[in-house]
Amino acid sequence: MTPGPNLQELIDSVRADAPAEDVLSRLSQASKTVAELEQTSDALLGHFVDQCRRSGRSWSEISGALGVSKQAAHKRFSLDVPSSEPFTERARTVLARSQDEADRLGHGFVGTEHLLLALFETPDGLAAQVLSEAGITRSMVELQILALIKRGTGSDERKLSFTPRAKAAIRSAVEEALRLGHNYVGTEHLLLGLFIDGDAIAAKVLGELGASYDVMRFRVVERTAGERSH
């Protein structure tokens with residue numbers, strides 16, 4: 001097996017990429033490098049799990065190869081939500097546009113950060129409106145994303161795969177809709193779902209921009225009052 005970079009190689013890389021020979025600059029660059037490694041690792045696993053599923057491998061086989069329980073593998077890597085229902089047309093647009101955002105940034109995967117950017121592609125969606133009310137703009141979000149992970153060189157894949165964290169965020173969106181008593185999944189639920197994993201890029205970016213789950217949920221509840229299913 002081709003070995004990955006060892007600790008010394010990573011240290012040398014940080015020193016080479018740091019804009020100045022300052023310990024704080026190097027710490028900042030180290031944080032960015034770790035974020036990129038986490039994203040790449042997440043996307044790598046998701047890619048090969050998707051390949052296994054497309055080749056007909058069972059979750060039992062996949063979990064055995066990963067060394068985790070079948071339940072853990074299924075929960076992390078599956079996207080067991082309908083392709084059309086119960087997502088609204090705007091929410092489906094966000095899911096589709098997230099791939100465009102990933103491609104635009106040269107990333108070979110669709111992560112939570114791309115879902116977050118795609119929310120701005122439906123300005124009439126509730127998520128975009130709530131973000132705007134909080135003073136959060138698309139340019140601010142993209143700036144924060146690129147401060148954590150750099151632009152990539154693209155991918156030869158025609159259809160980019162969602163990372164496990166992105167899939168978890170989408171599943172969480174369905175759960176948020178159910179908790180709010182809604183019989184649909186809209187862009188607002190996708191926004192709330194991005195907070196499920198505090199280590200994910202989207203959650204970090206939203207936190208840096210002053211957005212919290214509690215505040216965003218409060219704003220969503222205010223705007224969707226009276227829309228509970230009967």
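Annotations
- Among the residues making up segment 185-216, a single one is without any contact (Cβ under 8 Å) to a residue 60 or more places away in the chain, of a type in the set (A, V, I, L, M) and surrounded by fewer than 22 Cβ atoms within 10 Å (Cβ to Cβ): I196.
- Looking across segment 163-176, the residues that are over 8 Å from the mean Cα position of the chain (by Cα) and not β-branched (V, I, T) come down to P164, A168, R171, S172, A173, E175, E176.
- Qualifying residues in segment 18-55 (those that are among the acidic types (D, E) and modelled with pLDDT under 80) - the one farthest from the chain's Cα centre (by Cα): E21
- Some residue of segment 76-91 being modelled with pLDDT of 75 or more, in a helix (DSSP H, G or I), farther than 17 Å from A200 by Cα and in contact with a strand residue (DSSP E or B) (Cβ under 7 Å, 6 or more places away or on another chain): yes
- Residue satisfying condition, being assigned by TED's automatic domain parsing to the domain that holds M216, free of Cβ contacts under 8 Å to residues at least 24 places away in the same chain and of a type in the set (S, T, N, Q), within set T153, T137, T93: T137
- Residue count, segment 185-201 (criterion: part of a helix (DSSP H, G or I) and either under 19 Å from R90 (Cβ atoms) or polar (S, T, N, Q) (or both)): 7
- The set of residues in segment 56-75 that are at pLDDT 70 or above, of a type in the set (D, E, K, R) and either closer than 18 Å to E9 by Cβ or surrounded by 15 or more Cβ atoms within 10 Å (Cβ to Cβ) (or both) contains only K70.
- Output for segment 98-117, where each listed residue is assigned to a helix (DSSP H, G or I) and either of a type outside the set (K, R) or under 13 Å from the mean Cα position of the chain (by Cα) (or both): S98, Q99, D100, E101, A102, D103, T112, E113, H114, L115, L116, L117
The values are calculated or read from the model by the stated rules, or taken from the named source; none is laboratory data. These numbers come from a predicted model, not from an experiment. Backbone-built Cβ (ideal geometry, glycine too); neighbour counts: all protein chains shown.
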